[in-house]
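Please read the structure below before turning to the comments.
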Amino acid sequence: MKLQFLTALLASSLLYAETSIEAPPAAPAPAKTTEVAPTPEPSPAPQPEPKPVSEPKPLGTAANNGLAWLAKTQNADGGWGQGGGWRVNLSNGQGGGRVEGADVADPSDIGNTAIVLQAFIRAGFRADKGEYSAVTSRAAEFILSQVEKCDSDTLFVTDVRDTQLQSKIGRYVDTFLAAQILSELKGQLSEANEARRAKLLDKVIAKIEKHQNDEGAFAGNSGWAATLSQGICSNALNSAFAAGAKIKAETLEKDHLQNADGLDRQTGTVAAGRAVGDAGVDIYRYASKLRGMTGYAWTNDKRRQELNTVVNSPTASDNEKEQASDELKKIDRSDADQQVLLKQVAAKAGEQKFVNGFGNNGGEEFISYMNIGEALRSEGGEAWTNWDAKMTKTLNDAQNADGSWSGQHCITGRTFCTASALMVLMTDRAPVPVESPIAAKDGQDQQ
């Protein structure tokens, strides 16, 4: 629309100029008559230059090797465990301490399976046809069957309790990742399984809404850096909205308020939040909040259209119009929050200390890189292209010889690290809103 508007505006300007040049000179004014010069027409307001965009890159060797490693390590039940590393010791029924080794059970869990399936979908592979369809369809069935078994009262979607993901980034991370992948599976399944998917997504969203507190957080979602699972929740809620799930506007608004907690609207700095821990690592906090705000801004693109329709409707009541107008003001404020934080993170992305995170690579760093990349890509421009080049080199250098990635701290399991590293390498394939200049360029759908 912007390009069409600019083209029309340029054509109009050229027509005006051409007419002025070719018109015959005016007849001389009669003597003793004072002629007032005509007031010149104002020049059209300058229009912003469109943001540069880039086509998604073909899958490189690193990405293909990573996907192949994941396919080889899929369990017989269709899921993935954490891929080695420590687990919390729950054998005595009381918890405490870590255990690891070849004899430690590593059952499939929803969290690790969901992030792997998300990576295959981002790579362009479908659950219903084509290469890797057997892998992705089995993974989808694992997710669907596990969520079908879970209760409707608690916030859990799994009875597996001792994973690195839960210990490090939040007890309910499996629930949030389930909501994310159930949103992204839309359009990937058979008609019967599509009905299952939609029903189960509504089930998970209902669980999240039931347990979300007034601050937008979740009691008991403890973890070393729980801000990361909170960020996953933000992504999932906005993805669910885009997928047509039953979700309240209030739920999305409370989630945004949690993300805006601690934001200095003048500088874009973000203090540690009151409700959600971040392990004292800036990139975890900034990346999670920015990606959550970016998803909410995408959601509000659609909501803004609907609200403007109400405001301008000849049949809407004065009360309906007033409520819609108030909602539009909230959207303006939240969009402003996102822009000021985006500017701050784009600047911080050039600071090596910020990018280093905890000091070496872990699953927490990879998911933070993904969050930042997706927010920057939706804007395009130099900040995005610089970030993409930097991350590509960083992750290519860190890949294991077998195609996997490992973490050096905290989340060390190769399943999550490999899947999240792949998500970073394939950030240029991430969904963006249909209104984005990138979407107009590469034809991707709205998240």
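The values are calculated or read from the model by the stated rules, or taken from the named source; none is laboratory data. Just so it is clear, the model here is predicted, and its values are computed rather than measured. Positions of Cβ are backbone-derived with ideal geometry, glycine not excepted, and every protein chain shown enters the neighbour counts.
Look at the stretch 129-155: where a residue is under 15 Å from V116 (Cβ atoms) and a partner is in a loop (DSSP other than H, G, I, E, B) and among the basic types (K, R), sitting 6+ places away or on another chain with Cβ atoms under 9 Å, you get Y132/R126; S133/R126; T136/R126; S137/R126. When you check F120 against the structure, is it more than 20 Å from G244 (Cα to Cα), in contact (Cβ under 8 Å) with a residue 12 or more places away in the chain and part of a loop (DSSP other than H, G, I, E, B), yes or no? Here the answer is no, as F120 does not meet what is asked. The numbered conditions (1) at pLDDT 95 or above; (2) surrounded by 18 or more Cβ atoms within 10 Å (Cβ to Cβ); (3) within 18 Å of the chain's Cα centre (by Cα); (4) part of a helix (DSSP H, G or I) are all true for T251 except (2).
Annotation: T294 fulfils all but one of (1) under 18 Å from the mean Cα position of the chain (by Cα); (2) outside any helix (DSSP H, G or I); the unmet one is (2). The set of residues in the stretch 145-177 that are out of contact with any Gly (no Cβ under 9 Å at 6 or more places or on another chain) and surrounded by fewer than 20 Cβ atoms within 10 Å (Cβ to Cβ) comprises E148, K149, D151, S152, D153, T154, F156, D159.
Residues being surrounded by fewer than 14 Cβ atoms within 10 Å (Cβ to Cβ), of a type in the set (A, V, I, L, M), modelled with pLDDT of 50 or more and over 13 Å from L422 (Cβ atoms) are entirely absent from the stretch 45-59. Answer with yes or no whether S229 is polar (S, T, N, Q), modelled with pLDDT under 95 and either part of a helix (DSSP H, G or I) or under 29 Å from H409 (Cβ atoms) (or both). In short, no. Take V160 and tell me if it is closer than 24 Å to F366 by Cα, aliphatic (A, V, I, L, M), in contact (Cβ under 8 Å) with a residue 24 or more places away in the chain and part of a helix (DSSP H, G or I). Answer is no for this residue. As a summary of the residue check, A389 satisfies the conditions (1) in contact with a helix residue (DSSP H, G or I) (Cβ under 9 Å, 6 or more places away or on another chain); (2) part of a helix (DSSP H, G or I); (3) surrounded by fewer than 24 Cβ atoms within 10 Å (Cβ to Cβ) except for the one numbered (1).
Residues of the stretch 69-79 include none that is at pLDDT below 95 and not aliphatic (A, V, I, L, M).
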